[in-house]
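One structure is given below, encoded as structure tokens.
Rule-based calculations on the coordinates, nothing more; no lab input. All values reported here derive from a predicted model rather than from experimental measurement. As a convention, Cβ positions derive from the backbone with ideal geometry for all residues, glycine included, and neighbour counts pool all protein chains shown.
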Ligand code: GLC
């Protein structure tokens, strides 16, 4: 099938987590003016686009993924004028801007939910959400047995305006994130309008939060399985009634028409924790979204067979629908790959690391992370980077529990530590207050002292630093057109993977012994070769073949 082409099909897209990127006013929470002032870093690094996690008005029950108003900016982060200035400055620097859209649920502070709470059962106000009567004679049992992704039941019971216990509402995430009822045409119309609001302001696309969750199986059938954080459906199990229902696709076909009515290529990116690859490919059929995150890749173990299998499967599945493949190793919901890859158990998605847990091997993790990144950036398709990974930033694994902000920690009854460890404000300058995050020492999550050694100013111009390794990789990727090349496997053994793409030969050594590099000119490597010029364990090299 013909493959789509556009800026996005080969783009490297950098995720900015606004709370933690750069703080202009010193309150310890990053903001839009802070981002705008630091866009030069991203142009210098050589990415094509930025994706901003939510900055909309929100009580911040889930770090902004609880949106109270889809058409404004939270004063914590700035104003609409600041958003406009950010978009303009990004454009001036040649960067595209993608914003986050959260359609599965609103905040409980959204005017719609406030109206629903005071309205009667059966009212149009309640019909915007998923309200049900409880079970049992007094309605005290939740309507079904669904669990929240963050732990605990997925239903909360209201107290009706007259003071009596009343109906229950569904929240697949936090209590403060009521699920919208996407069978209601009013919801569909509202989100088409929200899309236009941001498209009119000049954004280049949307990352669609929980894209696999909007439609629930009509009978809300019981599902006795506990929810893992952000779990989708697994290939070998029946599809859960709350995820990846066929009805979601109609919604994205409608959205696509709106995007296509604008000039330039504006894109939709699905965040859908869905397996297998063929199932996720359905979100990127020609008349739906443009991209979907490849979480199967993120979760794959660091072995040659596992990496070979996931890369091959991913390319086949997206080729079949004519969409570009995407690649991602880190984001704001998972343990940073520089730490994840240093854990003794490989693959999967551990939910946070605490002081008392087995600690990752930091050196091994970083070494593998750099090898993985060079492997990823040599693959055809589009790649996502998460802020700070270009510094080799590890997970903060010793955060004091009392500093934790992720609702997972409380809702799981302190059994799951959650995602704070990857969200710690990033270090720019080793010797500045808050390591240059902001003008003061304030930081909404504490930064560990080892942040100094990862600071950008310690790495700029330092040959072999993680930052310079990323920058070189991004330059070469662009110069050689790796993002629009075609992958050809040369070897897929148990110890090494070797492939060709756009005139380069790429080798990753997963084995225990050093191996000779492919013939040709060595252009880049994730770590130095050994004294005999061989490629050591956990190293990727890029060679221009002769
Ligand atoms: C997405 C976000 C995550 C958020 C959840 C609920 O998975 O990436 O951070 O907690 O949706 O909105």
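Structure summary
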item: Sites residue 224 and residue 361 - FRET efficiency at Förster radius 35 Å, r taken between beta-carbons, to 0.05; result: 0.40
item: Cα pair distances of region 275-407 binned at 10 Å [whole percent]; result: 12, 41, 31, 14, 2
item: Average projected area [Cα convex hull, region 98-256], square nanometres; result: 10.0
item: For region 461-483 versus region 342-360, the gap between their alpha-carbon centres in whole angstrom; result: 29
item: Computed [θ] at 222 nm, deg cm²/dmol, the chain (DSSP H ≥ 4; -39,500 (n - 2.57); rounded to nearest 500); result: -7000 deg cm²/dmol
item: Helix axis angle, 304-319 relative to the chain longest principal axis, alpha carbon, degrees; result: 60
item: Cα shape, the chain, gyration tensor, a/c 1.5 rule; result: prolate
item: Cα-Cα separations in region 439-514 greater than 19 Å, expressed as whole percent; result: 61
item: Between region 85-136 and region 385-413, the alpha-carbon center distance in angstrom; result: 25
item: Contour excess over end-to-end distance, with Cα ends at residue 484 and residue 545 and 0.36 nm allotted per residue; result: 20.2 nm
item: Calculated FRET value between residue 123 and residue 529, using beta carbons and R₀ = 45 Å, to 0.05; result: 0.05
item: Cα gyration tensor, region 75-137 - rounded (a/c under 1.5), prolate or oblate; result: prolate
item: Linear extension gain, residue 450 paired with residue 346, 0.36 nm per residue minus alpha-carbon span; result: 35.0 nm
item: Nearest-ten-degree value, helix 466-480 long axis tilted from longest Cα axis of the chain; result: 80
item: DSSP bridge pairs, the chain: antiparallel proportion in percent, nearest 5; result: 55
item: Region 163-198-region 487-544 distance, computed between alpha-carbon centres (Å); result: 50
item: Nearest 10 degrees, 0 to 90: helix 80-92 Cα axis against the chain principal axis; result: 20
